[in-house]
């Protein structure tokens, strides 16, 4: 009899995990009444693009997008309907997500659009600068 054992590959704890938790909240822990926003992010040659899943939201009234000190913050509110509902798995209340912008992001030129429950934010990015620089140590007189 063949048994297939699925092994989870454990990766070492990384500083990036701490930044991710700061941006999304600790896994399984949310502030009372506050829910996370599911996102998809990518960087193209000339832009940083974030797509946020926000169905049932009126972007004109219920969405706030801000950039402060290199952090993009999305806030949204979905109000509960007052109809008699037997069962609901829909989350209502406040939603929030903060994302650190990549180097060279030009937040003053950001644009946002909403279609079919997806909010798309596009922020132009200047040419990327080298993120790693090697520094040579000079020997001073012996």
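The values are calculated or read from the model by the stated rules, or taken from the named source; none is laboratory data. All values derive from a computational prediction rather than experimental measurement. Cβ placement follows ideal geometry from the backbone for every residue including glycine, while neighbour counts extend to all protein chains displayed.
Things worth noting here:
- Residue 90 modelled with pLDDT of 95 or more and either assigned to a strand (DSSP E or B) or under 22 Å from residue 117 (Cα atoms) (or both): no
- When 50, 63, 67, 71 are checked against the criterion of being within 18 Å of residue 35 (Cβ to Cβ), free of Cβ contacts under 8 Å to residues at least 60 places away in the same chain and either within 19 Å of the chain's Cα centre (by Cα) or buried (at least 16 other Cβ atoms within 10 Å of the Cβ) (or both), a single residue qualifies: 63.
- Criterion applied to 71, 67, 85 was being over 18 Å from residue 118 (Cα atoms) and at pLDDT below 90, and the one residue passing it is 85.
Rundown of residues vs (1) surrounded by 11 or more Cβ atoms within 10 Å (Cβ to Cβ); (2) touching a strand residue (DSSP E or B) at 6+ places or on another chain (Cβ under 9 Å); (3) in a strand (DSSP E or B), yes/no style:
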residue	(1), (2), (3)
85	no, no, no
94	yes, yes, yes
98	yes, yes, yes
108	no, yes, no
114	yes, yes, yes
121	yes, yes, yes
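- Checking the stated criteria, residue 27 turns out to be at pLDDT below 90 and within 16 Å of the chain's Cα centre (by Cα).
Every residue, every condition in (1) over 13 Å from residue 49 (Cα atoms); (2) touching a residue at least 24 places away in the same chain (Cβ under 8 Å); (3) within 16 Å of the chain's Cα centre (by Cα), yes or no:
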| residue | (1), (2), (3) |
| --- | --- |
| 81 | yes, no, no |
| 86 | yes, no, no |
| 102 | no, yes, yes |
| 106 | no, no, no |
| 112 | no, yes, yes |
| 122 | no, yes, yes |
| 136 | yes, no, no |
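- Residue count for segment 123-133, restricted to those that are exposed (fewer than 14 other Cβ atoms within 10 Å of the Cβ) and modelled with pLDDT of 95 or more: 0
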